[in-house]
Ligand SMILES: Cc1ncc(COP(=O)(O)O)c(C=O)c1O
């Protein structure tokens, strides 16, 4: 396999060649136990692999403290319920497991990935008898997009894929199956030299990027689409709180692609992406403006403050 290099062109962060995810040192928490990284395996005839009966989380640790850990594990349980299964571990047990694997891997600033899926007892559309498995891994992931892009913002193109209606898929879940169109959108964008794609929803309204929520600033007011058919990101909720704490007006509403022509600033939010400025969407260019910078700094300070106060 040709290694993929991290560069501003690829948008991939870090000065490294990507090490395959199944060939690393360390530990993965697997169904209640820490196992050596390379031994955390599943059978090819696993329901989660064939039918996307899997839900996951993406969380970040700062200074050894996992930001909003309990809310992420609560969302994992909710996502599982939306896919018709219950997790065999409580949220408190999963919180403890996330801390344990972070410590076992010696990570302090890292990404934390819990995942739950249906096993191999049955392999058909019906999967009532399958056992539910849970695994948690951590890895170092300094920034979602190359840091060189911080001052320019990333470049997005509109995807041809649309977020589905809430009566066609469990859109409130962070479910593996919902990422099929994200990967297709991102690959199509990358093939043309963009960093990511902006997705509209089934109505033609602005929805989100392939792994982050969307915000637009116009005349000092922050606007963000109502999350009625895509993930109401925890970072999104945090950033709305930070904006309001700064006295900024935040409007959650239906948003339309025509608004991209007159926006002053655009940014996206996510646990992995944090607050990332958007410099271009197709033919429209945007500066990394004052409100994006303010909220990016406030978010960074908040996650670091939580880490410092937990350590104190
Ligand atoms: C499709 C999608 N939307 C939004 C988000 C942002 O969610 P959060 O802020 O909870 O990480 C993510 C990140 O996980 C995502 O994958």
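The values are calculated or read from the model by the stated rules, or taken from the named source; none is laboratory data. Because the structure is predicted, anything quoted here is derived from the model rather than measured. As a convention, Cβ positions derive from the backbone with ideal geometry for all residues, glycine included, and neighbour counts pool all protein chains shown.
Could you please give the count of residues in region 17-63 that are on the phi < 0 side of the Ramachandran plot and within 16 Å of the ligand (Cβ to nearest atom)? Selection size over region 17-63: 9.
Of all the listed residues (196, 228), the sole one being more than 14 Å from the chain's Cα centre (by Cα) and touching a residue at least 12 places away in the same chain (Cβ under 8 Å) is 228.
On the basis of being within 22 Å of the chain's Cα centre (by Cα), modelled with pLDDT under 95 and outside any strand (DSSP E or B), does residue 305 make the cut? The answer is yes for residue 305.
Would you check if residue 158 is surrounded by fewer than 19 Cβ atoms within 10 Å (Cβ to Cβ), touching a strand residue (DSSP E or B) at 6+ places or on another chain (Cβ under 6 Å) and at pLDDT 95 or above?
When the stated conditions are applied, residue 158 passes them.
Residues that are surrounded by 20 or more Cβ atoms within 10 Å (Cβ to Cβ) and over 13 Å from residue 272 (Cβ atoms) within region 106-126 comprise 114, 116, 117, 118, 119, listed in sequence order.
So which residues in region 263-291 are away from the ligand (no atom under 16 Å from the Cβ) and not in a strand (DSSP E or B)? Listed by number, the residues that qualify are 263, 264, 282, 283, 286, 287, 288, 289, 290, 291.
So, residue 193, is that one on the phi > 0 side of the Ramachandran plot and not assigned by TED's automatic domain parsing to the domain that holds residue 114 or not?
Yes, satisfied.
The set of residues in region 266-302 being in contact (Cβ under 8 Å) with a residue 12 or more places away in the chain, within 23 Å of residue 204 (Cβ to Cβ) and more than 19 Å from the chain's Cα centre (by Cα) consists of 280, 281, 282, 284, 286.
Where in region 169-262 are there strands (runs of 3 or more DSSP E), lying fully within it, with 2 or more residues that are within 14 Å of the ligand (Cβ to nearest atom) and touching a helix residue (DSSP H, G or I) at 6+ places or on another chain (Cβ under 9 Å)?
Once the strands (runs of 3 or more DSSP E) in region 169-262 are filtered for at least 2 residues that are within 14 Å of the ligand (Cβ to nearest atom) and touching a helix residue (DSSP H, G or I) at 6+ places or on another chain (Cβ under 9 Å), what remains is 196-201, 206-209, 213-218.
Checked against (1) away from the ligand (no atom under 13 Å from the Cβ); (2) within 18 Å of the chain's Cα centre (by Cα); (3) surrounded by 20 or more Cβ atoms within 10 Å (Cβ to Cβ), residue 134 passes all but condition (2).
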